[in-house]
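Just so you know, all these numbers are worked out from the coordinates, no wet-lab data involved. All of these numbers come straight from a predicted model, not from anything done at the bench. Backbone-built Cβ (ideal geometry, glycine too); neighbour counts: all protein chains shown.
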Amino acid sequence: MYFFSKNIIIEKNQISKRRSKEIYQINSALFNILHTWYLNEKVDLNDVDEDISAFLINEGIISHKKDNYNPFVAENSSVTTKRIFVQLTDKCNLRCKHCYAVGSPMNSKSIDKESLFIFLDDAINNGVTQIDFTGGEIFMYKDIFDILDHLDLMPVTTNLFTNLVLCNEKTIKKLSEYDCLRKVITSLDYFDPQKHNEFRQGKMAFERTVRAMDLLQKYNIDINVNTIVLDDNHDDVWKLAEYLDSKRIPIFVDNLIWEGRATSFANPKNIGKNARFVARFLQKRIANSSAEYLDENFKSGNCGVGKKLMFITADGQIRLCPSLTDVFPLGNIEETKFIDASKNKDNVSKILEKLTECQEKKCRLINICKGGCRARAYYMTKNIDGIDTINCYRYGMI
């Protein structure tokens, strides 16, 4: 007998692999057959041609293993939210000098697991397909694997944001067993271990992160590395990029947002220098300096905030994004259903329209820049429709 594999998600017009970017287009006739199989709890290959049967088997869409998995994405055309980003805890094993969440071993906020399950189930039943987790440090949240167990049987993917310092081989081997896990995103800010450890305020932090990255690759888990450009790490960024290239690990380089510890750590006089460095880095990293590549990496206004993204804080507050937690409250997970939080988001639509704009609407690059990051603009100007100066520097307008 065949059953639906846990490594796929099925939508009206496509089948996608949960742990990769592979997508297969399907027509409505095949979708209806697959859905009937699910409802009848029986895969009947007599319903399809031999080439379709071979495709379903060879691509791992069906298998002999029964997992009680529902691969079908729920539909709700009135809901635009497709991704939920959850801060599981504000407790962290490190005290990074630029941390937006002011993470610390002394912090104590942790999200209520049962309330989170109810909210996420509601969200998935209304078409959400991506649920990501951050901290603090997610591996200081005691129920992290209960949550992954829960989501592994649902048609969603998840990314984990972690410093990896607490991850040993046993932990990473367990992570490799989850079909829902798309990738792990970690951070390195210096190629010099001593500088990195001092910045992250954790003994052997660099060494442990790199060791965990090697283990992730051993168990075939995709990794991304985020690097924040600081006043003194420009040379290290190039060295990190070269090192990560040799490991075939993508690096994403960005500028600080002026919130949390960054407000007392960073020197505002270096905003322009650091923003221009990001621009030069991206331009040099690609052979042909294609406008499409630069556009995708420069613009921050189209990240999904106010549209596809919803953020939940460690104390259960529902907000627009991790960097706009003190404005636009949408409710809390203990009292607000997902569908109502989405409606709350729609009720501020006139304000949300400004999240992809800025005051410089006559700027000749506004259609490329898209107004930049609204959170950066907000913290730098105290106005949600203020100018994202960092994007202006990146595009050479300042």
(request) Determine the dipole magnitude for the chain: charges of +1 sit on the beta-carbon of Lys and Arg, -1 on that of Asp and Glu, nothing else is charged, the reference point is the Cα centre, and the result goes in debye to the nearest 20. (result) 1440 debye
(message) What number do you get for region 176-265 when its Cα radius of gyration is normalised by 2.2 N^0.38 Å, N = residues?
(response) 1.13
(request) About the Cα centre of region 150-191, how large is the charge dipole given +1 on each Lys and Arg Cβ and -1 on each Asp and Glu Cβ? Please answer in debye to the nearest 20. (result) 40 debye
(request) Of the DSSP beta bridges with both residues in the chain, give the percent that are antiparallel, rounding to the nearest 5. (result) 35 percent
(message) For the chain, set up a GNM with springs between Cα atoms under 10 Å and report which of GLN201, GLN14, GLN25 has the largest fluctuation.
(response) GLN25
(request) Identify, among ASN224, MET397, ILE147, the residue whose Cα sits farthest towards the positive end of the charge dipole of the chain, taking +1 on the Cβ of Lys and Arg and -1 on the Cβ of Asp and Glu, with the dipole about the Cα centre. (result) MET397
(request) Only loop residues by DSSP count here, and only those with at most 13 other Cβ atoms within 10 Å; note down the trypsin sites (Lys or Arg not before Pro) in region 79-149 that meet that. (result) LYS142
(request) May I have the extent of the alpha carbons of the chain along their three principal axes, as whole Å values ordered from largest to smallest? (result) 69, 48, 48
(message) Can you order the peptides 315-328, 214-227 by their average number of other Cβ atoms within 10 Å per residue, highest first?
(response) 315-328, 214-227
(message) Kirkwood Rh over alpha-carbon pairs of region 1-154, then Stokes-Einstein at 4 °C and 1.567 mPa s: what D in µm² s⁻¹, rounded to an integer?
(response) 73 µm²/s
(request) Just name one of GLY202, SER5, TYR379: the one whose Cα is farthest towards the positive end of the charge dipole of the chain (beta-carbon charges, Lys/Arg +1, Asp/Glu -1). (result) TYR379
(message) Counting pairwise Cα distances across region 71-221, what percent come out greater than 23 angstrom?
(response) 40 percent
(message) Quick check for me: using +1 on Lys/Arg Cβ and -1 on Asp/Glu Cβ, what's the dipole size of region 1-157 about its Cα centre, in debye to the nearest 20?
(response) 800 debye
(message) Counting only other residues whose beta carbon sits under 11 Å from that of ASP122, what net charge do I get with K and R as +1, D and E as -1?
(response) -1
(message) Counting each pair of different Cα atoms once, what's the Kirkwood radius of region 89-157 in Å, rounded to one decimal?
(response) 13.1 Å
(request) Pick out, in residue order, every one of the GluC sites (Glu not before Pro) in region 1-85 that is DSSP loop and has at most 14 other C-beta atoms within 10 Å; say none if there are none. (result) GLU22, GLU41, GLU75
(request) Output the relative contact order of region 23-104, whole-number percent, from Cα pairs under 8 angstrom with separation of 6+ residues. (result) 14 percent
(message) Give me the Å³ per residue figure for the convex hull around the C-alpha atoms of region 54-131.
(response) 186 Å³
(request) Please give, to one decimal in nm, the separation of the simple spin-label points placed at THR80 and ALA54, each 7 Å out from Cα toward the Cβ. (result) 4.5 nm
